[in-house]
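Report on the following structure.
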Amino acid sequence: MKWGQRCLSRFHVLFTLGLVFTLTTTTLAMKKDDFKTCAQSGFCRRNRAYADMVTETGDSFQSPYTLITDSVRTEKSHIYADVKNTESDILLTLDVYVLQDNTARVRVNEKQPIKPRYDGHGKHTLQAEPVLQEELDKDDVKTSPEGVVTIIMNDDKTRKIVIHPNPLRLEFLVNDSPVISFNNRGIFNFEHLRTKESHKPKMIQHDKDSESTEEKEAPWESGSWEESFKTWTDPKPNGPESIAMDITFHDFGHVYGIPEHASSLSLKETRGGDNAYTDPYRLYNTDVFEYAVDSPTSLYGAVPFMVAHRVGQSAGVFWMNPSETWVDIVKSKSEEKSSVQKVLSFGKKSNDKTSTHTHWISEAGVLDVFVFFGPTTKDVIRQYTKLTGTPMLPQQFSLGYHQCRWNYINQKDVLDVDNQFDEHDMPYDVIWLDIEYTDDRKYFTWENNKFPEPIKMEQVLDSKGRKLVVIIDPHIKRADNYRICEEAKKDGLFVKQPNGNDYEAWCWPGQSSWVDFYNPEAREWWKEQFTFNKFIGTQENVHVWNDMNEPSVFNGPEITMQKEMIHHGNWEHRVLHNLYSLLSFQSTSDGVRERTVVEHRPFVLTRGFYAGAQRYGAVWTGDNMADWEALYYSNPMSLTNGMGGIVFTGADVPGFFNNPTSELLVRWYQAAVYQPFFRGHAHIDTKRREPYLVPEPYRSMTLAALRERYALLPYWYTLFYDASQVGTPMMRPMFMEFPDDESLFATEDQFMLGSGIMVKPVTVEGATSTEVYFAGDEPWYDTLTHAIVKLTGRHDVNAPLGKIPAYYRGGNIIPRRERVRRSSHSMKLDPFTLVIALDTQGYAEGTLYVDDGETYDYGTGAYIHTKFNYSNGALTCENIHADPNSKAAKQYAKDMKALRIERIHILGVSKKPNGIQAESNDVKENLVFEYDTAHAKISIKDPKTSIAECGWTIAVA
Ligand code: NOJ
């Protein structure tokens, strides 16, 4: 086969380039060669080579996968059929499910595998079984004489799935235009399970130099049964078992998501093109030391969910597979319409749009893909989080500022830091303990000399409404007389080696074993360890941090666990690697929740994650650098995590490794005011840098940033509540709020917080001004000065150090609490300030959500949800509680009746009002107000209005 030779030469070029790249980057801190490139990973290499062959063969290539048309059956909204690989004669099963809410699921498995392929991922990844749409009508599924199956998904017939039989190809159409298609490029490749003896290489080449006509396995197919990387050999007892498919997003020039990478918001191309990466984006949870930015290298977490957006349409794909996965991205001008279509389009310009072609490559498992039709990005994310779970509503304290360091060395140190915050009048909610608090890194124990009375220490924190978070990692020190190790050993709860012995390797404590979180018994046992009578020295204000759960294995290949290690059910680590992080996070979160009789919402932070992790807590972006680049990337990384459902996310402030300058520190605190998870953290080798230690004038600037965060907590909490209902991230890419403005589709250096605040963090050293894009037609208002900004498009704004370029968006009402105290707990009963940012029509609206901030009582209705409207010069409020007449709702509103608004700022009022009146129950009262002509702003003092009871009006005359 000639193409074999062509591929070989290309492969050599790629390999050589890869090598050069590796060598030239060895000066960077990240040890790039500790991690595989696609060319070093057998299944990625094979599938890329296959894609090259298909592309180079061109139109004469025929994908071997064919639908067996007379096998097509429909049962309710489930269509299934057999598919044949005509090269190998292997039969596959195809299942297409039409699900509720504009969602479809496609599964492909082997019909008669020689042993089961791993298919247990859904149970852990999905929150519940996906719900089928109502039964399809007979007319909704039609097969043409050529065997093309058309499925009409909805009543108005706007969404369809078309299955083309030969070769197999699936199209997902909106208004009869393909939005997404599978195997459009013909590179679908399903490696069936086989024995080593029966293995026939797929890719063959002639030996060019010899006279013989002998065909040989192409070099990139080597390593199918054993593969080496550095000093490691992966025995691969099951041989090749990868699954790969191309997914095209038609007419979409931008795709987003698939965290976690230190990369751009709009994903880059990976096989040629301007500024492209040379390797695919990789999804394989790994602990990458001093990771480089602007890279497709895998990091700690993986969410194989991608969103595409263009004007008028968003769509998404969730490739549900927890094994190592790579995603190639290529863009091209969309195909020209056929001549008939051109004629019919009555002189419209020929199609000059860009399409995005992706190639998904997973090492094992089955093909299990969801397609979301949107139509908006918020819809796509709602559809995705309906399946994988909406983000949990966190305890309110966790939205405040967290102070961490590796390490606060002893009890006195912790309490000193705590006192210093008070002495400097700096608000903070949580202090953290890293690994050194334990006795010899044995988790669930304390280093008694340094922490002789942990409960006493926690009580001091508790007296100020503050919390402690302690680290618990999944590796367990192999040690005698260590209860945790002994129990896990005895009950067989560790991951095993292929020979049945416990897996042992190195991590922080030295020789360790890893809890097998895939084992349900291990998860139950782990949960119990968080009860107060087991985790001695902890009480209710202690929460947990899960680190190193990729899992990180210091002496393992790519700093993680060997793929041939064995989990419960005899599954290789290979098939479920990325699930490990999720399951460890889940059982920790469940344990912290279940440790009290009345359950409280757990706070757990994880480093490793997988799709669905949003159900259990917060995620941070790991060990970043204290430099300007890392500050810049904290924004696209957090935005991308949010697009992947992981909304409670943030970066170490102001960078983990190295010592930040005071300027960087200030700018980073300023950015983090608007990023969901806000934690100061530092490597053990760095200088102390708690915000009160920075010299003036930086300290006051940092304090101002912290105070702004606390003032915004009501807005933050309301946004978290919304996220917990429908998945919309709090921190949003600009295009999510301005979906028709194409110039924002790749914008990642400014973002929206909810729909009401736009932020442009300054990430350039020495900057005194920055460029801001003022989107839309409504006015913006400076959040600090309240000055109106009547600009549209890109403009330079003043941004000296101390100034955070952040703007209220006209049309929004933002709830705040201006009496900033030592912790969020002490502000719980404080009155609110409303900032009403008027649009050009003099209109604004906004919501406020309040509950106890700790328990699950809101689930029974114990919360307040209020919508404020300002129109025609009158502010009113509306109770938008889902069940306002429930006993719990009424009781809570009664208990909270005293929660009031103490101040209202109305921005964008061009003339001084004659008077302002509050009216409630037919009682009218004139209110005291001030008018600021320069800022076109009214400030009303004490309007005497409750947020728990509506029925009042504030009228501006
Ligand atoms: C790695 C984590 O990413 C870092 O935050 C932590 O301080 C160290 N492990 C020590 O536990």
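Can you pull out every residue in region 446-470 that is open to solvent by less than 30 Å² (accessible area, probe 1.4 Å) and assigned to a loop (DSSP other than H, G, I, E, B)?
At the first step, the residues of region 446-470 found to be open to solvent by less than 30 Å² (accessible area, probe 1.4 Å) are 446, 451, 454, 457-458, 461, 464-470.
Once the filter is applied, which keeps residues that are open to solvent by less than 30 Å² (accessible area, probe 1.4 Å) and assigned to a loop (DSSP other than H, G, I, E, B), region 446-470 yields 446, 451, 464, 465, 466.
Being at pLDDT 95 or above and either among the small types (Gly, Ala, Ser) or away from the ligand (no atom under 16 Å from the Cβ) (or both) narrows it down to one residue among 572, 550; which is it?
Values: 550 fails: either among the small types (Gly, Ala, Ser) or away from the ligand (no atom under 16 Å from the Cβ) (or both).
Result of the check over 572, 550: 572.
Whether any residue in region 510-528 is open to solvent by less than 40 Å² (accessible area, probe 1.4 Å), within 16 Å of the ligand (Cβ to nearest atom), within 30 Å of residue 417 (Cα to Cα) and in contact with an Asp or Glu (Cβ under 8 Å, 6 or more places away or on another chain) is what I want to check.
Within region 510-528 (the criterion being open to solvent by less than 40 Å² (accessible area, probe 1.4 Å), within 16 Å of the ligand (Cβ to nearest atom), within 30 Å of residue 417 (Cα to Cα) and in contact with an Asp or Glu (Cβ under 8 Å, 6 or more places away or on another chain)), the answer is no, since none of the residues qualifies.
Any idea which residue in region 619-628 is farthest from residue 471 (Cα to Cα), counting only those that are out of contact with any Pro (no Cβ under 7 Å at 6 or more places or on another chain) and within 14 Å of the ligand (Cβ to nearest atom)? Quick ask: steps written out before the conclusion?
At the first step, the residues of region 619-628 found to be out of contact with any Pro (no Cβ under 7 Å at 6 or more places or on another chain) are 619-625, 627-628.
Those left that are additionally within 14 Å of the ligand (Cβ to nearest atom): 619-625.
Details: 619: 14, 620: 14, 621: 16, 622: 14, 623: 15, 624: 18, 625: 21 Å.
For region 619-628, the residue satisfying everything is 625.
Counting just the residues of region 411-445 that are closer than 20 Å to residue 605 by Cβ and assigned to a loop (DSSP other than H, G, I, E, B), which one comes out farthest from the ligand (Cβ to nearest atom)?
Of everything passing the filter in region 411-445, 427 is farthest from the ligand (Cβ to nearest atom).
Could you give me the residue pairs with C-beta distances under 8 Å whose first residue belongs to region 494-523 and is under 18 Å from residue 124 (Cα atoms), whose second residue is of a type in the set (Lys, Arg) and open to solvent by 30 Å² or more (accessible area, probe 1.4 Å) wherever it lies, and which are 6+ apart or on separate chains?
Filtered contacts from region 494-523: 516/496; 517/523.
Which residues, taken from region 585-594, are buried (at least 23 other Cβ atoms within 10 Å of the Cβ) and away from the ligand (no atom under 16 Å from the Cβ)?
Within region 585-594, the first condition is being buried (at least 23 other Cβ atoms within 10 Å of the Cβ), and the residues that meet it are 585-589, 591-592.
Scanning region 585-594 gives 586, 587, 589, 591, 592.
Examine region 126-133 for a residue that is in contact with a helix residue (DSSP H, G or I) (Cβ under 8 Å, 6 or more places away or on another chain), at pLDDT 95 or above and not in a loop (DSSP other than H, G, I, E, B), and state whether such a residue exists.
No.
Is there a residue in region 695-707 that is open to solvent by 10 Å² or more (accessible area, probe 1.4 Å), in contact with a His (Cβ under 8 Å, 6 or more places away or on another chain) and touching a residue at least 60 places away in the same chain (Cβ under 8 Å)? Spell out the reasoning first.
So in region 695-707, the residues open to solvent by 10 Å² or more (accessible area, probe 1.4 Å) come out as 695-701, 703-704, 707.
With the extra rule that they be in contact with a His (Cβ under 8 Å, 6 or more places away or on another chain), the set shrinks to 699, 703.
Going one step further and asking which of them are touching a residue at least 60 places away in the same chain (Cβ under 8 Å), we end up with 699, 703.
Scanning region 695-707 turns up at least one residue that is open to solvent by 10 Å² or more (accessible area, probe 1.4 Å), in contact with a His (Cβ under 8 Å, 6 or more places away or on another chain) and touching a residue at least 60 places away in the same chain (Cβ under 8 Å).
Open to solvent by 10 Å² or more (accessible area, probe 1.4 Å), within 16 Å of the ligand (Cβ to nearest atom) and within 25 Å of residue 619 (Cα to Cα): is that true of residue 545 in this structure?
Details: open to solvent by 10 Å² or more (accessible area, probe 1.4 Å): no; within 16 Å of the ligand (Cβ to nearest atom): yes; within 25 Å of residue 619 (Cα to Cα): yes.
No; evaluated as a whole, the condition is false for this residue.
Note down all Cβ pairs under 6 Å where the first residue falls in region 843-864 and is touching a residue at least 24 places away in the same chain (Cβ under 8 Å), the second is open to solvent by 50 Å² or more (accessible area, probe 1.4 Å) and assigned to a loop (DSSP other than H, G, I, E, B), and they're at least six residues apart or on different chains.
Note: pairs meeting the criteria are 856/599; 861/883.
Take residue 385 and tell me if it is in a helix (DSSP H, G or I), among the hydroxyl-bearing types (Ser, Thr, Tyr), closer than 30 Å to residue 721 by Cβ and away from the ligand (no atom under 16 Å from the Cβ).
Considered against the rule, which asks whether it is in a helix (DSSP H, G or I), among the hydroxyl-bearing types (Ser, Thr, Tyr), closer than 30 Å to residue 721 by Cβ and away from the ligand (no atom under 16 Å from the Cβ), residue 385 comes out as yes.
Residue 366 passes all but one of (1) open to solvent by 10 Å² or more (accessible area, probe 1.4 Å); (2) assigned by TED's automatic domain parsing to the domain that holds residue 281; which number fails?
For residue 366, the exception is condition (1).
In region 608-648, what residues are assigned to a loop (DSSP other than H, G, I, E, B) and over 12 Å from the mean Cα position of the chain (by Cα)?
Filtering region 608-648 for residues assigned to a loop (DSSP other than H, G, I, E, B) gives 608, 611-612, 616-617, 621-624, 626-627, 644-648.
Selection gives 616, 622, 623, 624, 626, 627.
Restricting to region 925-957, give me the number of residues that are among the basic types (Lys, Arg) and closer than 26 Å to residue 884 by Cα.
We begin by selecting, within region 925-957, every residue among the basic types (Lys, Arg); these are 937, 941, 944.
Checking which are closer than 26 Å to residue 884 by Cα leaves us with 944.
Selection size over region 925-957: 1.
Out of all the residues in region 595-614, which are open to solvent by 10 Å² or more (accessible area, probe 1.4 Å) and either aliphatic (A, V, I, L, M) or within 18 Å of residue 321 (Cα to Cα) (or both)? Quick ask: steps written out before the conclusion?
Taking region 595-614 first, the residues open to solvent by 10 Å² or more (accessible area, probe 1.4 Å) are 595-600.
Those that are open to solvent by 10 Å² or more (accessible area, probe 1.4 Å) and either aliphatic (A, V, I, L, M) or within 18 Å of residue 321 (Cα to Cα) (or both): 597, 598.
Only one of 902, 949 is charged (D, E, K, R) and touching a helix residue (DSSP H, G or I) at 6+ places or on another chain (Cβ under 8 Å); which?
Values: 902 fails: touching a helix residue (DSSP H, G or I) at 6+ places or on another chain (Cβ under 8 Å).
Unique residue meeting the criteria: 949.
Please report, ordered by residue number, the strands (runs of 3 or more DSSP E) entirely within region 169-240 with at least 1 residues that are modelled with pLDDT of 95 or more and farther than 26 Å from residue 109 by Cα. Give the derivation first.
Working: elements: 169-174, 177-182, 204-206, 215-217, 227-229, 232-234.
Output list reads 169-174, 177-182, 227-229, 232-234.
Condition first: surrounded by fewer than 19 Cβ atoms within 10 Å (Cβ to Cβ) and closer than 23 Å to residue 506 by Cα. Now tell me which residues in region 408-441 satisfy that.
436, 439, 440
Would you mention how many residues in region 457-482 are free of Cβ contacts under 8 Å to residues at least 24 places away in the same chain and farther than 21 Å from residue 402 by Cβ? So that I can check it myself, show each step before the final result.
The initial filter retains those residues of region 457-482 that are free of Cβ contacts under 8 Å to residues at least 24 places away in the same chain, namely 463, 480-481.
From what's left, farther than 21 Å from residue 402 by Cβ: 480-481.
Residues that pass the stated criteria total 2.
Give region 541-566 a look and list any residue that's of a type in the set (Asp, Glu) and touching a Phe, Trp or Tyr at 6+ places or on another chain (Cβ under 8 Å), or say none. Let's see the steps before the verdict.
Restricting attention to region 541-566, the residues satisfying the condition of being of a type in the set (Asp, Glu) are 547, 550, 558, 564.
Of everything in region 541-566, those that are of a type in the set (Asp, Glu) and touching a Phe, Trp or Tyr at 6+ places or on another chain (Cβ under 8 Å) turn out to be 550, 558.
Could you please find all residues in region 548-565 being of a type in the set (Val, Ile, Thr) and open to solvent by 30 Å² or more (accessible area, probe 1.4 Å)?
Residue satisfying the conditions is 559 alone.
The values are calculated or read from the model by the stated rules, or taken from the named source; none is laboratory data. A quick note: this is a predicted structure, and the numbers were derived from the prediction, not measured. All Cβ positions, glycine included, derive from the backbone under ideal geometry; neighbour counts span all protein chains shown. The area values use the complete protein model at the heavy-atom level, side chains included, leaving out ligands, DNA and RNA. Shrake-Rupley method; radii C 1.70, N 1.55, O 1.52, S 1.80 Å.
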